[in-house]
Amino acid sequence: MYVCGAHVTKVGRHYEKSVSALAAEAAAPVVNACGEPDALVVSTYLSRFQDSFGNLGSLLAEYLDFKGEVYEVSSGDGSGGAAVSLAVRLVKAGFKRVLVVGADKSNDFQSKRAVKDLQTLISPYESFYGLTYAGAHALAARLYMSKYGVSREELAQWAVVMHENATAVSHAQLPFPVSVDKVLKSHSVAQPLTLLDSHPFSDGAAAVMITSESSPVSIEVASASAPLTLAERDLTFMESAKMAMEKLGNPYPEAVEVHDAFSIAGVIALESLGLAARGKGLDYLIHSPRRVNPSGGLKARGHPIGATGVYQVAEAYFAITDGLGKLGKVSSFLVHSSNLLGANTYLSFLREV
Amino acid sequence: MEVSPSVVWRNKPYRYRLEVRRCPKCGRAFREEVEVCPKCNERTERVRMAGRGKLLSWAKVCQVPEGFEDFSPLYFGLVELEDGSRIIARLTDVLEEPKIGMEMEAVLRKVRADGSTGLIEYAIFFRPAF
Ligand SMILES: [Zn+2]
């Protein structure tokens, strides 16, 4: 299977555009470049709550004047990765071209509303008395830091590298550098995590076309799952990422985009994928800062929840065809998309043909 | 804040008493009314989780969701209970910074009240054991 084209909108606050307008903006150039698809696979998550609209796939098809098969795919904050995976499966099953569009909105209300909407990722018996997306990651962070003796200052390196990488990426939401000191002094979101350990609230849309026709970039996918209930797993490791990586044959990519909704999730992802030893994710980052999230990651490129996984695959495609930010051009790229810290993992491995 | 009477009612066993439905074959616990284990096809048994345990991790949530402004900050703990099961629960009576490894005990506390219906939600919280 191949990727024949990709397009992304700038990640940020698009007060002037709805989720469907953003989706159309991302999709049209890809259809123009690659041709009409046989199926359309759409992913969104927060927009259902923020825009009170749950039929994005259908409206996008109308805007594109597309009359073929339409599917909306959902897997929490890993919805984008799930949509790409399903599209690759559809092409494998016989379709010539499948268009994947991820689009989402987080900024149509005050941030405390987005915080509430993101609680819907967590099982109700863990979220009902106020556990947030950030709170879940904070529990993982404290556990990880105490288990491996990692300091608050060391963990702050994640944000420093991500912001540095984003400075060379035109579609990134936060393309400015930050210091360790600034990360530590930014206000507390869920202790031990601060604002600068956290993804920003993002709007955006991205599109990629998966095809069976030979193209300069190939794509393979693999996925796996673990319990959603946070209390039922080891919060310092994502078993589903390890399993999905084994299904891919444990490749060693030149660069990787991992799902770092919060700094700690990026560190744990590198270890779960087997790229770093357990407890050594930050060492890997420091040794290869340009090869880990050259887009700036969810942390600095931004995290339009249901669109994020599609952005990541588009960025991998850009890295192989034209070069991406400070990484430049590579010939292999791994994308890690994850639903709530690894309840589900969707991997895509892209290579130059 | 919307509170549904039927949701409050059906969640009482877990939220008020830490009652779960445990599969006698695979041992998995469901925190709601899953009457037959979907994996083993065995009838699940209602059992109560232990009310004491050890704190494995904790978080102080300062950026609280809409509807929780009056309760900020919220403390949460990951607790390993004496029966070996694990739970993520709100912490209460946090007078000083919690310590990993400290003994915790269950206590019933008010979560919030619905302004329009007057419905009050309660749930099991955990607090440092004395
Ligand atoms: Zn069972």
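The values are calculated or read from the model by the stated rules, or taken from the named source; none is laboratory data. Predicted model only: the values in this text are computed from it and were never measured. Methodologically, a virtual Cβ is constructed for each residue, glycine included, from the backbone with ideal geometry; neighbour enumeration extends over all protein chains shown. Only protein heavy atoms, including side chains, enter the accessible area calculation; ligands, DNA and RNA are left aside. Shrake-Rupley method; radii C 1.70, N 1.55, O 1.52, S 1.80 Å.
Taking Cα pairs under 8 Å and at least six residues apart, what relative contact order does chain A come out at, in percent? Working shown, then result.
Values: 903 pairs, mean separation 96.2, N = 353.
Across chain A, relative contact order equals 27 percent.
Beta carbons within 10 angstrom, averaged per residue: use that to sort the peptides A:158-165, A:202-209, A:2-9, highest first.
Put in order of decreasing packing, that is A:202-209, A:158-165, A:2-9.
Other protein chain C-beta atoms within 10 Å of residue C-beta, averaged over A:136-147: 4. Shielding of peptide A:181-194 by partners, expressed as the average count of other chain Cβ atoms within 10 Å per residue Cβ, is 3.
If you run the Gaussian network model on chain A, springs between alpha carbon atoms under 10 Å, then out of A:ALA87, A:ALA138, A:ALA277 the most flexible one is A:ALA277.
Computed over the alpha-carbon pairs of the protein assembly as shown, the distance histogram in 20 Å steps reads 25, 55, 20, 0 percent, short to long.
The distance between label points at B:VAL34 and A:SER74 comes to 1.9 nm (points 7 Å beyond Cα on the Cα→Cβ vector). With R₀ fixed at 51 Å, the C-beta to C-beta distance from A:HIS287 to A:PHE53 puts the FRET efficiency at about 0.70. Sorting B:121-128, B:32-39, A:67-74, A:260-267 by their mean Cβ neighbour count within 10 Å, with the most densely packed peptide first, gives A:260-267, B:121-128, A:67-74, B:32-39.
Surface composition of segment B:5-128: carbon plus sulfur atoms contribute 47% of the solvent-accessible area (1.4 Å probe, protein chains only, all chains present).
For chain A, the membrane-span-like helices by this rule, meaning whole DSSP H stretches whose C-alpha atoms cover at least 15 Å of axis and whose Kyte-Doolittle mean is 0.5 or above, are A:19-34, A:79-92, A:308-321; this says nothing about an actual membrane. Neighbouring Cβ atoms from other chains, within 10 Å of the Cβ of residues in A:121-133, number 6 on average. Most simply put, chain A has about 70% antiparallel DSSP beta bridges, counting only bridges with both residues inside it. Summed over both chains, the area buried between B and A is near 2900 Å², taken from the accessible surface of protein heavy atoms with a 1.4 Å probe. What chain B shows is 53 Å² of accessible area per residue, with the surface traced by a 1.4 Å probe over protein heavy atoms. Among residues other than A:VAL98 with Cβ under 13 Å from its Cβ, the summed charge is 0 (Lys and Arg +1, Asp and Glu -1). If you take the Cα centroid of segment B:65-130 and the Cα centroid of segment A:182-215, the two points sit 29 Å apart. Since only B:GLN63, B:ILE88, B:LEU18 are under comparison, the one whose Cα sits farthest along the positive direction of the charge dipole of chain B, derived from C-beta charges on Lys, Arg, Asp and Glu, is B:LEU18. Over all directions, the projected convex hull of the C-alpha atoms in segment A:50-139 averages 7.6 nm² in area. For chain B, what is the relative contact order in percent, using Cα pairs closer than 8 Å and at least 6 residues apart in sequence? It comes to 21 percent, rounded to a whole number.
Global size of segment A:90-143: 17.2, 47 Å for Rg and Dmax (C-alpha atoms, Rg to one decimal, Dmax whole).
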